[in-house]
Ligand SMILES: O=C(O)CCC(=O)C(=O)O
């Protein structure tokens, strides 16, 4: 089970570690009927091993290790690395265009823009479509697009941001699958930046950012000096063709 660390802050936090939904036990001590009530209340069904940080009534982070089997993960990594056309995006910084510290590829029916970069629509390859449908069925999500990130080594990273572009709708629900090397995934409260938590994203895991998560929390994948194997991340999202009015403001990535 991946460890979830908590730091200070006033947010009420319930840490729920679920060892195996198929058995009668749960590490949190919830019996099956309590778990069923919890699932109903939080509108999520989980069948695999899961770790959940319930950050507030409505903002949730759920991690499922080994969502993909080692063989599935290995095969998916190999096909994504080889077959995608990886792009080096740039952002404007201090009046200059600088390359972001990772490569990306975009798949979906609609164009996607962030940090001044627009990705043209591109058909989802069957391997990604399979994983997307599996996630949709398993977690009752509605998805249609994937932003893929390739971290070549420990100096590739992702800065603090929320995925809250208008094209993602009012409450963006995101499922993020990791392939290859493990990396830290750190979240912080947007109001109280000292309120931080982190999980380790291992190859084959999926992390779900649910409910109002994107309104109240930012996330990042920090650089590391430790040896880091190549990693591919697939963030499955639902893109609306026209922006839905909502509370969100356009994402301001403090990156790179
Ligand atoms: O690589 C990751 O795990 C995070 C990716 C991410 O935050 C994003 O694409 O918005």
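Read-outs throughout are calculated quantities, based only on the coordinates presented, and are distinct from any laboratory measurement. The shown structure was predicted, so the numbers you read here are calculated from the model rather than taken from an experiment. Virtual Cβ from ideal backbone geometry, glycine too; neighbours counted across all protein chains shown.
Below, the figures for the structure above:
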{"quantity": "Relative contact order (%) - criterion: Cα under 8 Å, at least six apart; region: the stretch 65-237", "calculated": "28"}
{"quantity": "Length added when fully stretched, residue 192-residue 98, from 0.36 nm per residue minus Cα-Cα", "calculated": "30.9 nm"}
{"quantity": "Centre separation in Å (Cα based) which lies between the stretch 135-200 and the stretch 206-245", "calculated": "1"}
{"quantity": "Prolate/oblate/rounded call for the stretch 65-237, Cα gyration tensor, a/c under 1.5 rounded", "calculated": "rounded"}
{"quantity": "Cα gyration tensor shape of the stretch 178-227, rounded if a/c is under 1.5, else prolate or oblate by comparing a/b with b/c", "calculated": "oblate"}
{"quantity": "Efficiency of FRET between residue 57 and residue 136 - r from beta-carbon atoms, R0 25 angstrom, step 0.05", "calculated": "0.55"}
{"quantity": "Spin-label pair residue 129/residue 170, simplified geometry with 7 Å Cα→Cβ offset, distance in nm", "calculated": "3.2"}
